[in-house]
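The values are calculated or read from the model by the stated rules, or taken from the named source; none is laboratory data. Note that the structure is predicted; figures quoted are calculated from it, not measured. Cβ placement follows ideal geometry from the backbone for every residue including glycine, while neighbour counts extend to all protein chains displayed.
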Amino acid sequence: MSAPTSGGWASGAPGSCGQCHAWLQPISPMGGDPAAMSNLDFYLNGHMTLIFFIYGMIFVVLGILAARRRRSAFTFADHLWLLAAFGFLHGLHEWTAIFAIGYSTEKLLLQYLNAANLLLMTASYFFLFLFGLRMVRMHGAPRFLEVLPLASLCGWTLFAVALWRSGADSGDTLFRIETLGRYFLCFPASLLASAGFFMLRRQLVRTGWKKVSFGMLGAGLMFALYGFFAGLVTPGSDMGFSSYFNYSSFFQLLGVPVQVLRALCALFIVIFVGKSLRIFDEERKRLDQEERKERALLQERNRIAMELHDGAQQILFSIGIQAEACMMKKEPDNMIPCLKMIKDLAQRGITDIRSTVLDLGRKEEEMKPLGEIVREVAEGIFASGDVEVSIDFDEKSTYGFEEESILFRFFQEGLLNVHKHAAASKVSLGTKEDQGVLRMWIHDNGRGLPRDARDPEATRRRGKMGLWGMKERLEKKGGALLLEAPPSGGTRIEGTLKIERQ
């Protein structure tokens, strides 16, 4: 590969790289300044290969970012493949120019490179055109816009064929065809892509996605600037207004080659498009949160169903049996024990259902401390005031909703048993956490449990579900239930529960 010389850039010789030697064309058609052109020649000599490589790499990165397959409820995710195609093809377009620089003395090979370079440029802008069109159509743009990409491509193709067959100098023909390609395809495609990102940003702000809307705004602005630098600043020719506004006149005006500004725009397009694509990560996070909430809601429904089945349903069944027993009694005095049992069961059922409704209605941020809730339950059960209740809860630690529900049911069931069977005057409740294990107890000074009532499985077989339900809930969380009769008298019910700390 031979290195380009200063004279090679300025010569504009037929067959040389259209994108390259267009930087330094004969000055007279554009009214340029020879001194400025000399500065441009000095700037570009030896740097164009690096500029085109970096420029092409930026577009390839854009293609990689947009090519990733995403499942999303956002419609624009279905159109990102068009932006990816634009990025990959335009990156190859810029890299083809590198080979054209290296083989600038090989005229036949250079002609093929120029043709490939022009076709890649045209194809890339056509895909950008389609992407921009899909973006604006997604937000309700007029339907007639759908014909624009094909119409622009057909118009450019007809003009290109006519120019090629005119017999003019091949270098000048290349300038004209490239200029028309930028006018017909690049400029409107970039504006449509810019408008599409602006519309998408407005929709996201309205629907609560403001956090990721900044990337959409930046991408829209950068595509608009890119449309100006790449679509209106063209090689010098007699097409449109390129004889007055072209590469050399732009450099003379600003002192910076337009290609450098295009590369900067492309770099910021990649940055802002990358920020925009974070919306899919945010969407995934929201979906995960919603799925977790739905799973938690389903688990809570199942828990409440189990509570009602094991609690209220069993109580109502027992009330029915006691009612039948009362009906069989002929003497009113004989009915009193049955009626008292029905009253106790009804009170227990009311307490059970009330606690279940409480679980349904309370919000986590409105929940009272567990000790306070249990004290209210105890006051309701021992409303007569003939039982002294003392509570010693370890309130230094907080527990999750599931753990608190198990604790609440443990103390509720235990207090009901004390009220029903113990004939106690004092009852103490407490919790203590040590090394990830929570220990809870209920101790009364009543007459104590008979031996055959200390086995939850045995009591379940006799139709009494309370102790068995306590045991099941604790064991599901890695705990255990222990019932004992201390030497001091009464009954002690103790449970353990494993607490998982994050």
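Structural remarks
- Filter result for the condition that a residue is part of a loop (DSSP other than H, G, I, E, B), over 30 Å from Leu287 (Cα atoms) and either assigned by TED's automatic domain parsing to the domain that holds Gly132 or at pLDDT below 85 (or both), over Gly171, Gly167, Gly155: Gly167
- Of all residues in segment 224-264 being among the hydrophobic types (A, V, I, L, M, F, W, C) and touching a residue at least 60 places away in the same chain (Cβ under 8 Å), the one that is surrounded by the fewest Cβ atoms within 10 Å (Cβ to Cβ): Val260
- Apart from one condition, Ala151 fits all of (1) in contact with an Asp or Glu (Cβ under 8 Å, 6 or more places away or on another chain); (2) surrounded by fewer than 22 Cβ atoms within 10 Å (Cβ to Cβ); the exception is (1).
- Leu119 vs. criteria in the same structural domain as Leu254 (by TED's automatic domain parsing), surrounded by fewer than 16 Cβ atoms within 10 Å (Cβ to Cβ), at pLDDT below 85 and more than 23 Å from Phe245 (Cα to Cα): no
- Of all residues assigned to segment 239-247, at least one qualifies as being in the same structural domain as Leu128 (by TED's automatic domain parsing), at pLDDT below 90 and in a helix (DSSP H, G or I).
- Of all residue pairs spaced 6 or more apart or on separate chains, those with beta-carbon atoms under 7 Å, a first member in segment 184-212 that is touching a residue at least 40 places away in the same chain (Cβ under 8 Å) and a second member that is of a type in the set (A, V, I, L, M) and in a loop (DSSP other than H, G, I, E, B) are Phe187/Leu232.
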